[in-house]
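Remarks on the structure that follows.
Nothing in this text is a laboratory measurement; each read-out follows from the coordinates by a stated rule. Fair warning: this is a prediction, and the values are worked out from it, not measured in the lab. Neighbour counts run over all protein chains shown; Cβ positions are idealised from the backbone, glycine included.
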Amino acid sequence: MNQCQRQHPTQQLREIMASTRLPVLPPNTPYLLRAMASEEITFRELAAVVEKFPTIAAKLIALANSPWSAPVVEVTSVEMACSRLGFSVVRSVSVALGIANAFNPALCPAFDPVRYWTGAFLMAELTTRLAESAADDHEVEPQSVRTAGLLHNLGLLWLATCMPDETHQALLSAEGEAAGSLDGLLHELCGIGFVEAGALLAESWEFPDMLVESLRHQDDPGYREQYWQSAALLGVAKELLHENAEPTGQPPDPRWSQLGFSPEQQEEFRKLAGERRSDVQELASTLFAG
């Protein structure tokens, strides 16, 4: 039994954060996050960043040569892989692989890595598209919001690693339930939900305030402080993620109108979420299955 498992499940994970049991962020990951959030980076510069992370570089080359990518010619360099896969995929996959190395969710039998990363990659894409389409008076950086979307459920990785038995039970109990039920079940069984856990972990890793506060307030329609736009983008994207392109019958989230989206635009994004799910799931399966 690891040290995290010996913690009583109702104790706040803040106690874990104050000890050596805090997950260690892989070296140079903050540099990777900053580089991948840059709006100005070129393919050549992107490749130069990736080359500093040999494991990520190898994965990207393998992905570029996979049936998912279906290249016409063999991809033999990082720069070729970046060009083949495109900015969006390289950014999401690089950050995902960099962060994933800090955790071992395999300790939790009910944790499905393909399902987890399908949600993360789809959120990254949706938040980016939403940020690019939001009203002009909402000044948010699409690539920074992409990172927030990718990491929106970061706390679940941590809980699956630190409290695998309790998280296993929560995941099983949440099957077929409303999207918000998992966070509530984790609160009951672990003493903290994945939303708060992710924000606390991002804070302890000294991530930018925008990321920390966006993660913390993603489920709070009433949040209106400095980073409300990025938090709101996470919130509405999360609604799309869990709707599976089908209306829920629930009252509309007020953040849609606060961000300047018309009902017609909302419907377009619902269709996009449904259309992109299969391809994103195949990407996640290529990277994380087995």
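Suppose a student asked you for the relative contact order of segment 196-290, using Cα pairs under 8 Å spaced at least 6 residues apart; what percent would you report? Working shown, then result.
Details: 66 pairs, mean separation 19.2, N = 95.
That works out to 20 percent.
Label zone of E268 (point 7 Å out along Cα→Cβ, amide N under 15 Å): in segment 68-105 this covers no residue at all. What would the Debye equation give as log₁₀ I(q)/I(0) for segment 161-234 at q = 0.11, 0.24, 0.25 Å⁻¹, counting only Cα atoms as equal point scatterers? Here the Debye-derived log intensity ratios amount to -0.31, -1.04, -1.07. Once every Cα of the chain carries one equal point scatterer and solvent is ignored, give the base-10 log of I(q)/I(0) from the Debye formula at q = 0.07 Å⁻¹, two decimals. Listed by q, the Debye log ratios stand at -0.25. Charging the Cβ of each Asp and Glu at -1 and of each Lys and Arg at +1, and nothing else, the dipole of segment 53-151 about its Cα centre rounds to 420 debye.
The dipole here belongs to segment 26-101: it is taken about the Cα centre, uses +1 on the Cβ of Lys and Arg and -1 on the Cβ of Asp and Glu, and is about 160 debye. The phi-based Karplus calculation (6.51 cos²θ - 1.76 cosθ + 1.60; θ = phi - 60°) puts the 3J(HN,Hα) values of segment 63-76 at 5, 5, 9, 7, x, 4, 7, 6, x, 6, 10, 5, 8, 10 Hz, whole numbers, x for Gly and Pro.
Work out the FRET efficiency for R224 and R44 from their Cβ-Cβ distance, taking R0 = 41 Å, and round it to the nearest 0.05.
After rounding to 0.05, the efficiency reads 0.50.
Per-residue extension of 0.36 nm, minus the Cα-Cα distance of A289 and E132, leaves a gain of 53.4 nm for this segment.
Each of S257 and E175 was given a label point 7 Å from its Cα along the Cα-to-Cβ line. The distance between the two points is 4.0 nm. Listed peptides 147-160, 181-194, 254-267 appear in the order 147-160, 181-194, 254-267 once ranked by packing, highest mean of other Cβ atoms within 10 Å at the front.
Each peptide in 62-70, 205-213 was scored by the mean count of other Cβ atoms within 10 Å over its residues; highest first, the order is 205-213, 62-70.
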